[in-house]
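As structure tokens, the structure follows; a few thoughts come after it.
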């Protein structure tokens, strides 16, 4: 998981999302997301049924990066039922072009996921090729779907990441 933490910390940009203020939900005052936070929140916006359909354990949900939020990012991670691997979804205000420019990532390959353009890539430090990412543009930023090893190394982490992205695409805002 430290590689994903490093990746989230290294992507840098000054993309600001407009909008501030407060709202009221069922009589309680709610503050609006910070201008630098993505609107899409994987833990909140992806239903447990969709997570379970991918073979992930909804009860294993962990928010952000080990529970610590990072400005400009909202993340969620789930463990596979067999504990063989983890699925991590990161929403960011940073555009896909910045993901491509990040020196922590490499082996970029353009992919189509359903009706959306995306990019598949790995972390440069992942010499064992034990993980894989797929990213798609989303609401002015990007959503990164990562598969990382758990107890074992998945046979095809990129295939799993592409299938997970396709399976969750209807919840990822365009």
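Across segment 117-139, what is the total count of residues that are surrounded by fewer than 16 Cβ atoms within 10 Å (Cβ to Cβ) and either under 15 Å from the mean Cα position of the chain (by Cα) or more than 19 Å from residue 166 (Cα to Cα) (or both)?
Residues flagged as surrounded by fewer than 16 Cβ atoms within 10 Å (Cβ to Cβ) and either under 15 Å from the mean Cα position of the chain (by Cα) or more than 19 Å from residue 166 (Cα to Cα) (or both) within segment 117-139 amount to 6.
Looking only at segment 137-174, count every residue that is in a strand (DSSP E or B) and under 18 Å from residue 84 (Cβ atoms) and tell me the total.
The qualifying residues number 5.
With the requirement that a residue be touching a residue at least 40 places away in the same chain (Cβ under 8 Å) and part of a loop (DSSP other than H, G, I, E, B), what does segment 123-136 give you?
125, 126, 131
Here is a check on your reading of the model: is residue 111 at pLDDT below 95 and touching a helix residue (DSSP H, G or I) at 6+ places or on another chain (Cβ under 7 Å)?
no
In segment 78-85, is there at least one residue being crowded, with 21+ Cβ neighbours inside 10 Å and modelled with pLDDT of 95 or more?
The answer is yes; a qualifying residue exists.
Restricting to helices (runs of 4 or more DSSP H) lying wholly in segment 42-116: which have 3 or more residues that are closer than 21 Å to residue 166 by Cβ, touching a strand residue (DSSP E or B) at 6+ places or on another chain (Cβ under 6 Å) and without any contact (Cβ under 8 Å) to a residue 40 or more places away in the chain?
The helices (runs of 4 or more DSSP H) meeting that bar are 48-53.
Output the number of the condition that residue 120 fails; it satisfies all remaining conditions of (1) over 16 Å from residue 79 (Cα atoms); (2) touching a helix residue (DSSP H, G or I) at 6+ places or on another chain (Cβ under 8 Å); (3) touching a residue at least 40 places away in the same chain (Cβ under 8 Å); (4) not in a strand (DSSP E or B).
The failed condition is (4).
The values are calculated or read from the model by the stated rules, or taken from the named source; none is laboratory data. Everything quoted here is computed from the prediction, not taken from an experiment. Cβ sites come from the backbone with ideal geometry, for glycine too, and all protein chains shown count toward neighbours.
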